[in-house]
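Visitor: There's a structure below that I have some questions on.
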Amino acid sequence: MAKKNHEHTPKLLLRQAVPADVPQLVELTARVYTPEWGHSAEMLRSQQTHFPEGQFVVEYEGRIVGYCATFRIDEAAALAPHTWAQITGGGMASRHKPDGDWLYGMEVVVHPDYRGMRIGQRLYQARKRLCTDLKLRGIVFGGRVPGLAKNIQRYGSAEAYVQAVIEGKRRDLTLSFQLNNDFEMIGLLRAYAPSDYDSLGYAVHLVWRNPQLHDHPDTPSIASHQSLPDSVRVASVQYFQRRIKSFEEFATQVEYFTDIAADYGADFVTFPELITLQLLSIENEELSPFESIRKLSQYTPQVKALFSDLAVRYNINIIGGSHPTEQPNGDIHNVCYVCLRDGSIHEREKLHPTPSERNVWNITGGDSAATIQTDCGPIGVMICYDSEFPEVARHLTDQGALILFVPFCTDVREGYLRVRYCSQARAIENQCYVVLSGNVGNLPGVNNFDIQYGQSCILTPSDFPFARDGIAADSTPNIETVLFADLRLESLARARNAGAVQNLKDRRFDLYQTRWTPKPEAGA
């Protein structure tokens, strides 16, 4: 029997534009700007010819729903007053300079039917990564102010209106978004795009300065097949278990926390182990522990669909805690569904069920611990008790994991501290980040899930580049909350290659090693 495949093909993909995309891009820009002002096929082909790596598309279920175009330009031209037609060569990107030290953002378009999916945010992030990868000074462009025409009489001038938006006294659909993405105004461009009647032809001259150039030491990088962001923002939900009446009520609570994490710009949000046991409070019938777990497994398709949909809609990678899931052979495994913002779904099983899980719920352990490739680098998942076995974290780290996520569920303080102390040890010995997320509150009437003790946290190695106590963020015990921390991947490279101690480098492979034994496939 072939081994089951837990990986799903992404349904949302951000990639470099190619010539075959041109017909769809002509249609997309015509839809956004009208056929008269949309980009012609000649313009789009020219943009790709001059600077192919600077043209991006977002494809959703096979359809292109977003596009952005960039080119390189010298600082003198980028920061001087200009019009869109002048700086872009009439939309052809013909002013591209291969050695230009600034990235010019000439276009971003998003299909109107998909504007609730943070497509623009994804395209802006792609630009920033390109800029940092090329070590350019920054990004510059002329930003629209579509609220200007409607409000010019109230403010009297374009300058006064823009200043009101900058000060937060007024919201402009486009300019406010750009300011929230860390762009700053350096001037106002008159007659930038005369056909932009909503902006009265004006544009705000905006720049984003590459933060890596303020301090760019020659430190070894972490090996990866892709370019990695310098900083990753993670969120951990300390989730309060309460009785609910429907799956829709559960989904509303999960979406609430996903929305919060996304609004704060998190790249990842993690939920606690066995978060879905809350669904058993919906049932009115008395079930044995074993029967209740099998009943819970019936929600698996809904749980996977919920987390995957939220990941795509809110543009965030979700570590979906864990959910008891029946396997084809009838076994129950404790499974973490990792749903990435590109629409792909990954399953990671708990390897070590606790004695209570084995005896009360008849849960059995999985047999694989593989990393998951994300847009922020490879990650690993250790579900609660797994964190107490050093071999699991070391196996994930040897595969390249930079961040380990630990959804946990503990009933008393002693159990929580076992997970906490062991996770801190895993962060130190593997020189990686570890993110813990646990349940709090009580759930009367649900077998083996009556009380919870939790104190979620985000842990770091213990060395100079990191938080003083090796704790990037901590929570108050047993209170529902969300934690955030910005984790610098460069700091891991620094510690691993030149830290006060270098645990990964200093292992004695001549004395010991850890070898994982592959289990034979079913039917073999």
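Visitor: Below 8 Å between Cα atoms, with a sequence gap of 6+, how large is the relative contact order for segment 284-427 in percent?
Guide: Reported as a whole number, the value is 17 percent.
Visitor: What does the highest-first list of 101-109, 237-245, 327-335, 266-274 look like by mean Cβ count within 10 Å? All intermediate terms of the calculation are to be shown ahead of the outcome.
Guide: Details: 101-109: 23.2, 237-245: 19.9, 327-335: 16.4, 266-274: 26.6.
Output ranking for 101-109, 237-245, 327-335, 266-274: 266-274, 101-109, 237-245, 327-335.
Visitor: Follow-up question, since we're still on this one. Among 82, 352, 317, whose Cα projects farthest towards the positive end of the dipole of the chain, with charges put on the beta-carbon of Lys, Arg (+1) and Asp, Glu (-1)?
Guide: 82
Visitor: To make sure I understand the rule: partners must be aspartates and glutamates, Cα under 15 Å from the Cα of residue 295, and not fewer than 8 residues away in the same chain. Which ones qualify?
Guide: 283, 285, 286, 326, 331
Visitor: Now, a different point. What number, in percent, do you get for the relative contact order of segment 1-87 if the mean sequence gap of Cα pairs under 8 Å and at least 6 apart is divided by its residue count? If you can, show how the numbers build up before the last one.
Guide: Details: 93 pairs, mean separation 24.8, N = 87.
Relative contact order for segment 1-87 comes out at 29 percent.
Visitor: Provide the gained length on full extension for the span residue 79 to residue 398, in nm with one decimal, where the gain is 0.36 nm per separating residue minus the Cα-Cα distance.
Guide: Working it through step by step, the gained length comes to 110.3 nm.
Visitor: Next question, about the same structure. Can you tell me the FRET efficiency between residue 479 and residue 500 if r is taken as the Cβ-Cβ distance and R0 is 30 Å, rounded to the nearest 0.05?
Guide: Values: r = 35 Å, r/R0 = 1.16.
After rounding to 0.05, the efficiency reads 0.30.
Visitor: In addition: Once you treat every alpha carbon in the chain as an equal point and sum by Debye, what is log10 I(q)/I(0) at q = 0.06, 0.09 Å⁻¹?
Guide: Cα-only, vacuum Debye calculation for the chain: -0.34, -0.73.
Visitor: Separate question: If I compute solvent accessible area with a 1.4 Å probe over the protein chains, what percent of it on segment 450-518 is carbon and sulfur? Walk me through the intermediate numbers first.
Guide: Values: 2010 of 4040 Å².
On segment 450-518, the fraction of accessible area on carbon and sulfur atoms equals 50 percent.
Visitor: Looking at 382, 489, 459, which one has the Cα that reaches farthest to the positive end of the dipole of the chain (charges on Cβ: Lys, Arg +1; Asp, Glu -1)?
Guide: Value: 489.
Visitor: Treat every Asp and Glu Cβ in the chain as -1 and every Lys and Arg Cβ as +1, leave all other atoms uncharged, and give the resulting dipole magnitude about the Cα centre to the nearest 20 debye. Each step should come with its number before you reach the end.
Guide: Values: 52 positive and 62 negative charges, 144 e Å.
It comes to approximately 700 debye.
Visitor: From the Cα trace of segment 382-524, what convex hull volume per residue do you get, rounded to a whole Å³?
Guide: Hull volume normalised by residue count: 143 Å³.
Visitor: Please enumerate, by chain and number, the lysines with C-alpha under 20 Å from the C-alpha of residue 150, excluding those fewer than 8 residues away in the same chain.
Guide: Cα-Cα hits under 20 Å: 169.
Visitor: Expected output is a single nm value to one decimal: the length gained when fully extending between residue 249 and residue 16, i.e. 0.36 nm times separation in residues minus the C-alpha distance. What is it? All intermediate terms of the calculation are to be shown ahead of the outcome.
Guide: On the way: separation 233, 0.36 × 233 = 83.88 nm, distance 3.94 nm.
Between residue 249 and residue 16, full extension yields 79.9 nm more.
Visitor: Right, here's the next one. What order, most packed first, do the peptides 433-442, 383-392 have when packing is the mean number of other Cβ atoms within 10 Å of each residue? Walk me through the numbers before you get to the answer.
Guide: On the way: 433-442: 25.9, 383-392: 22.4.
The densest-packed peptide leads the list: 433-442, 383-392.
Visitor: Relative to the first principal axis of the alpha-carbon coordinates of the chain, what is the inclination of helix 119-133, with its axis defined by its Cα atoms, in degrees from 0 to 90 and to the nearest 10?
Guide: So the helix axis and the longest Cα principal axis differ by about 80 degrees.
Visitor: Roughly what would the spin-label model give for residue 134 and residue 515, points 7 Å off Cα along C-beta, in nm?
Guide: Computed distance between label sites residue 134 and residue 515 equals 4.9 nm.
Visitor: Related question: Could you tell me the calculated FRET efficiency between residue 283 and residue 471, based on Cβ-Cβ distance and R0 = 35 angstrom, to the nearest 0.05?
Guide: Values: r = 39 Å, r/R0 = 1.11.
Here the calculated transfer efficiency is 0.35.
Visitor: Note down the nm distance, to one decimal, between modelled labels 7 Å out along Cα→Cβ at residue 309 and at residue 171.
Guide: For the pair residue 309/residue 171, the computed spacing is 2.4 nm.
Visitor: I'd like the FRET efficiency for residue 115 and residue 329, computed as 1/(1 + (r/R0)^6) with the beta carbon distance as r and R0 of 41 Å, rounded to 0.05.
Guide: Details: r = 45 Å, r/R0 = 1.09.
Given R0 = 41 Å and the Cβ-Cβ separation, E is 0.35.
Visitor: Enter the accessible area per residue of the chain (Å², integer; probe 1.4 Å; all protein chains in place).
Guide: That works out to 44 Å² for each residue.
Visitor: Would you mind calculating the relative contact order of the chain from Cα pairs under 8 angstrom and at least 6 residues apart, reporting the percent as a whole number?
Guide: Numbers: 1111 pairs, mean separation 64.8, N = 524.
Averaging sequence separation for qualifying contacts and normalising by length gives 12 percent for the chain.
Visitor: Still on this structure, I have one more. Can you give me the Cα centroid spacing of segment 232-311 and segment 367-393 in angstrom?
Guide: If you average the Cα positions of each part, the centres end up 21 Å apart.
Visitor: Using amide H atoms built 1.01 Å from N in the peptide plane, name the residues 5+ places from residue 188, or on other chains, whose amide H lies under 5 Å from its own.
Guide: 205
Visitor: A further question on this structure: Please report, as a whole percent, how much of the solvent-accessible surface of segment 74-153 comes from carbon and sulfur atoms (probe radius 1.4 Å).
Guide: On the way: 1650 of 3270 Å².
Ligands and nucleic acids excluded, carbon and sulfur give 50 percent.
Visitor: Order of 114-124, 449-459 by packing, highest average Cβ count within 10 Å first? Numbers along the way, then the final one.
Guide: On the way: 114-124: 18.5, 449-459: 22.6.
My ranking of the peptides, most packed first, is 449-459, 114-124.
Visitor: 222 nm [θ] for the chain, helices only, -39500 (n - 2.57) per DSSP H run of 4+, per residue, to 500?
Guide: On the way: 15 runs with 154 residues, N = 524.
Value at 222 nm, helices only, nearest 500: -8500 deg cm²/dmol.
Visitor: Gain in length, residue 486 to residue 414, computed as 0.36 nm per residue apart minus the alpha-carbon separation, to one decimal in nm? Display every interim value, and only then the final one.
Guide: On the way: separation 72, 0.36 × 72 = 25.92 nm, distance 2.88 nm.
Length difference between fully extended and current span is 23.0 nm.
Visitor: With charges set only on the Cβ (+1 for Lys and Arg, -1 for Asp and Glu), what does the dipole of segment 14-140 come to about its Cα centre, in debye to the nearest 20?
Guide: Values: 15 positive and 14 negative charges, 74 e Å.
Dipole about the Cα centre, nearest 20: 360 debye.
Visitor: Then there is this: So which lysines pass the test for residue 11, namely a Cα distance under 27 Å, with those fewer than 8 places away in the same chain ruled out?
Guide: Reachable lysines: 3, 128, 304, 350.
The values are calculated or read from the model by the stated rules, or taken from the named source; none is laboratory data. All values reported here derive from a predicted model rather than from experimental measurement. Quick reminder, even Gly has a Cβ in these numbers, built from the backbone with ideal geometry, and neighbours come from all protein chains shown. With ligands, DNA and RNA removed, areas are computed over all heavy atoms of the protein, side chains included. Shrake-Rupley method; radii C 1.70, N 1.55, O 1.52, S 1.80 Å.
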